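Student: Please find one structure pasted underneath; my questions will follow.
The values are calculated or read from the model by the stated rules, or taken from the named source; none is laboratory data. What you see is a predicted model; the values in this text were computed from it and never measured. Every residue, glycine among them, receives a Cβ derived from its backbone with ideal geometry; neighbour counts consider all protein chains shown.
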Amino acid sequence: MHGMTNQGTGLFPHLFSPVKIGGLELKNRLIMSPVGTRLAKDGMVTESFKDFYIARAKGGVGMIVLEPCFVEATGEGKFLSLHEDRFIPGLKGLVEAIHGCGIPIGVQLFHAGWQQGKSDARFLPPIPPAALSVDQIKGLIEKFARAAARAKVAGFDLIEIHAAHGYLLSQFLSPLGNRRMDEYGVDTKGRARFVTEILQTVRERVGKDYPLSCRINGAEHVPGGLVLEDARRIAEVLEGAGLQLLSISAGALGSYPLTIPPCDTQPGCYAPLSAGIKEAVNLPVVVAGRINTPELAEEVLSVGKADLVAMARGLVADPELPNKALAGEVTRVRKCIACNVCLDSDYDGHITCTVNSTAGREKELEIVPAPETRRIVVVGGGPAGLEAARIAALRGHRVTVFEQNGQIGGQWRIAACPPHKQEFLSLLDWFAGELERGGVKVTLGKKATREVVANLKPDVVIVATGAAPLLPPIRGIDRKEVVHAWDVLKDQVSIGKRVLVIGGGATGLETAECLAEHGKKVTVVEMLGNFGIDMGGTVSFHLRFRLKKLGVELIKNTRVQEIGDSGVKVSKDGREETWHGFDTVVVALGVKSRDDLAEALSGVVPEIRVIGDAARPGKGVDAIRQGTEIGRRV
């Protein structure tokens with residue numbers, strides 16, 4: 001961002017102070033930690049991969065640590081590899097591009113071990129769940145060392161060994177995963193030997209002064225797994241292997257919280273772990289874990305919980321976060337909302353972001369000035385409409401937004417109502433500021449009728465009027481004890497003690513949690529065989545974990561047929577049953593598009609575009625993506 005002053009050095013004195021990692025000096029203490037972009041092809045760097053990281057380098061981070069890079073053959077896939085020399089040229093080009101932005105770059109070397117899902121089988125190296133022989137261990141040590149040597153040839157400034165998150169090296173460090181009785185097990189020193197020997201062998205290949213880092217878990221958050229005291233002892237052992245940096249994360253496959261914690265997890269959740277480990281070692285410690293704002297990063301550093309902070313999702317959401325913080329423009333930071341779409345979605349086969357649709361498509365969605373200024377009316381102040389208005393204004397158009405309610409947000413405000421999702425509202429604050437800055441006229445509390453819109457003589461009308469609740473043809477759906485989930489979430493209806501929620505998708509499950517937290521006894525019924533099928537895996541995992549703790553009953557493969565005086569009649573596994581005792585029935589069975597205005601304006605205005613739920617009901621990520629794309633086309 002050009003023309004910015006350095007007010008942030010006063011606001012964030014610790015964050016924007018330089019730091020040394022061995023002989024490598026960073027201009028600030030914010031590191032972009034590894035994030036799986038799925039932008040590589042056959043293990044190689046692609047142009048879109050390069051564009052993604054160049055955007056983050058230009059954004060002002062102190063250093064980028066590249067996403068995991070495999071040390072042995074992985075087959076075709078969307079993750080990087082360094083198991084052969086042929087991967088060096090592409091990585092060298094990437095390194096040179098990042099260096100051209102004035103930023104150092106490291107690479108994380110990685111072996112997945114047994115964590116191999118069906119969808120990943122083409123590119124994760126299979127290690128069967130059986131004890132490795134000593135010869136196999138020695139062979140893997142050599143593969144790490146050779147990959148490290150290639151990384152140095154490619155020009156990387158730092159190498160990090162990934163020994164966290166339940167992958168192969170993490171298993172060896174864990175008392176739960178490592179039951180060996182030989183020199184690679186038994187006690188802390190034995191369990192750390194594999195990693196120690198990798199570090200020592202890598203050190204021999206790259207030289208005594210080359211910066212080395214290792215990422216470990218501060219805790220695993222699984223019964224019988226590694227705890228902070230184990231991590232402190234491991235850190236002491238690894239420090240003796242010649243590290244210059246220790247990176248702290250947490251979690252393993254199936255842990256709660258997860259390795260990439262979603263929105264129900266406290267921001268900065270792993271800082272207490274890094275604080276405990278920092279006391280045990282005399283080398284710089286960097287910590288990750290929902291450090292999603294410069295304010296939180298400064299707090300972690302100022303109280304001495306870490307020497308550096310690592311951020312991934314925050315920089316996916318806003319690559320310019322460091323520059324904005326340095327300029328003192330923190331209100332312009334587009335915050336990560338920890339929805340984990342970046343992790344859960346395989347959107348277009350690569351990383352995406354709910355709040356930043358350009359993530360992974362930086363060049364494709366570059367903002368280009370419009371060839372001529374047009375008058376654009378956007379009807380609907382939800383995320384799709386707001387994003388379309390923002391982009392269109394950036395391109396030079398004159399934009400007016402109509403929102404019939406008294407505040408912007410639309411259905412996004414409902415999405416922010418369930419427990420743990422209040423951070424979603426930060427996006428609306430950001431939109432409000434950006435639209436004002438872009439000169440967009442926002443008219444609230446006024447319905448954009450056919451006449452109102454036509455009188456403005458727009459060149460383009462973007463209809464982003466959202467959706468309305470869908471009420472299925474169930475007998476008794478109009479009874480007074482039947483309410484819609486949206487009204488429950490908005491706290492606009494009275495709810496009895498025993499509640500039946502019809503619909504086990506995201507809205508139904510989140511409504512159930514909201515009710516259970518308010519002391520209601522809740523049952524959720526779903527006609528399909530699975531719950532939360534419209535949710536990402538990590539978010540669904542956390543939500544179902546919380547619902548279980550709250551005592552919410554989940555019943556699948558069951559269809560509600562009638563709601564009446566005698567109870568709720570259902571069809572379950574081919575049998576009819578009648579359920580009694582429910583005071584309130586909540587309907588959460590989806591929504592239907594509201595696109596009446598588009599039809600009314602047909603033939604009245606030159607061009608009409610329908611986006612978001614008004615075009616087709618979907619997720620927030622879909623709505624904002626459509627707003628991004630249409631704003632670039634009009």
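For every residue, the table says whether it meets (1) over 30 Å from Q266 (Cα atoms); (2) in contact with a helix residue (DSSP H, G or I) (Cβ under 9 Å, 6 or more places away or on another chain).
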| residue | (1), (2) |
| --- | --- |
| R413 | no, yes |
| P419 | no, yes |
| E436 | yes, no |
| V460 | yes, yes |
| V463 | yes, yes |
| G466 | yes, yes |
| D478 | yes, no |
| L489 | no, yes |
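Student: Hey, among the residues in region 581-601 that are small (G, A, S) and either at pLDDT below 95 or in a helix (DSSP H, G or I) (or both), which one's farthest from V461 (Cα to Cα)?
Tutor: Ranking the candidates gives G590 first.
Student: While we're looking at this one, here's another question. Do we have any residue at all in region 316-325 that's over 18 Å from F431 (Cβ atoms), of a type in the set (S, T, N, Q) and at pLDDT 95 or above?
Tutor: Yes, some residue in region 316-325 is over 18 Å from F431 (Cβ atoms), of a type in the set (S, T, N, Q) and at pLDDT 95 or above.
Student: Can I ask one more? Of the residues K521, K572, only one is farther than 22 Å from W486 by Cβ and surrounded by fewer than 19 Cβ atoms within 10 Å (Cβ to Cβ); which?
Tutor: K572
So that you can scan it fast, the table gives a plain yes or no per residue for (1) under 22 Å from A325 (Cα atoms); (2) touching a Lys or Arg at 6+ places or on another chain (Cβ under 9 Å); (3) in the same structural domain as S213 (by TED's automatic domain parsing):
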position: A241; (1), (2), (3): no, yes, yes
position: S247; (1), (2), (3): no, yes, yes
position: S255; (1), (2), (3): no, no, yes
position: T259; (1), (2), (3): no, no, yes
position: T265; (1), (2), (3): no, yes, yes
position: P272; (1), (2), (3): no, yes, yes
position: I291; (1), (2), (3): yes, no, yes
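Student: Now for a separate question. Report the residue count in region 255-264 for those that are within 13 Å of the chain's Cα centre (by Cα) and either among the small types (G, A, S) or crowded, with 19+ Cβ neighbours inside 10 Å (or both).
Tutor: The total comes to 6.
Student: Moving on to the next point. I'd like to know if region 416-428 contains one or more residues that are surrounded by fewer than 23 Cβ atoms within 10 Å (Cβ to Cβ), among the hydroxyl-bearing types (S, T, Y) and closer than 27 Å to T449 by Cβ.
Tutor: no
Student: Of the residues R361, R334, R375, R390, only one is charged (D, E, K, R) and in contact with a Pro (Cβ under 9 Å, 6 or more places away or on another chain); which?
Tutor: Only one candidate passes the filter, namely R375.
Student: Looking at D478, D459, D487, which one is acidic (D, E) and within 19 Å of R375 (Cα to Cα)?
Tutor: D459
Student: Among helices (runs of 4 or more DSSP H) lying entirely in region 271-366, which contain 2 or more residues that are under 16 Å from the mean Cα position of the chain (by Cα) and of a type in the set (A, V, I, L, M, F, W, C)?
Tutor: In region 271-366, the matching helices (runs of 4 or more DSSP H) lie at 313-317, 341-344.
Student: Which one of these does Q407 not meet: (1) polar (S, T, N, Q); (2) buried (at least 20 other Cβ atoms within 10 Å of the Cβ); (3) touching a Leu at 6+ places or on another chain (Cβ under 7 Å)?
Tutor: (2)
Student: Taking interchain pairs and intrachain pairs at least six residues apart, which have beta carbon atoms under 7 angstrom, with the first residue in region 372-383 and surrounded by fewer than 24 Cβ atoms within 10 Å (Cβ to Cβ) and the second part of a strand (DSSP E or B)?
Tutor: Going by the 7 Å Cβ cut-off, the qualifying pairs are T373/R398; R374/V460; R375/R398.
Student: While we're here: Just to be sure, is G537 under 30 Å from G254 (Cα atoms), among the small types (G, A, S), touching a residue at least 40 places away in the same chain (Cβ under 8 Å) and surrounded by fewer than 21 Cβ atoms within 10 Å (Cβ to Cβ)?
Tutor: Yes; evaluated as a whole, the condition is true for this residue.
Student: Mind counting the residues in region 575-589 that are of a type outside the set (S, T, N, Q) and surrounded by 16 or more Cβ atoms within 10 Å (Cβ to Cβ)?
Tutor: Counting residues in region 575-589 that are of a type outside the set (S, T, N, Q) and surrounded by 16 or more Cβ atoms within 10 Å (Cβ to Cβ) gives 7.
Residue-by-condition table, conditions (1) part of a loop (DSSP other than H, G, I, E, B); (2) modelled with pLDDT under 95; (3) not assigned by TED's automatic domain parsing to the domain that holds S249:
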site: R150; (1), (2), (3): no, no, no
site: V153; (1), (2), (3): no, no, no
site: H162; (1), (2), (3): no, no, no
site: G166; (1), (2), (3): yes, yes, no
site: S170; (1), (2), (3): no, no, no
site: G177; (1), (2), (3): yes, yes, no
site: E183; (1), (2), (3): yes, no, no
site: V186; (1), (2), (3): yes, no, no
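Student: Ok, one more. Answer yes or no as to whether D573 is out of contact with any Leu (no Cβ under 8 Å at 6 or more places or on another chain) and farther than 23 Å from T449 by Cβ.
Tutor: Yes; evaluated as a whole, the condition is true for this residue.
Student: Inspect all residues belonging to region 521-537 and state whether any of them is modelled with pLDDT under 95, over 19 Å from K421 (Cα atoms) and either more than 29 Å from the chain's Cα centre (by Cα) or among the aromatic types (F, W, Y) (or both).
Tutor: No, region 521-537 has no match at all.
Student: So for region 207-218 (the condition being in a strand (DSSP E or B), hydroxyl-bearing (S, T, Y) and modelled with pLDDT of 95 or more), does at least one residue qualify?
Tutor: For region 207-218, residues in a strand (DSSP E or B), hydroxyl-bearing (S, T, Y) and modelled with pLDDT of 95 or more: present.
Student: Would you check which residues across region 224-250 are small (G, A, S), within 14 Å of P175 (Cα to Cα) and touching a strand residue (DSSP E or B) at 6+ places or on another chain (Cβ under 9 Å) and list them?
Tutor: G225, A231, listed by residue number.
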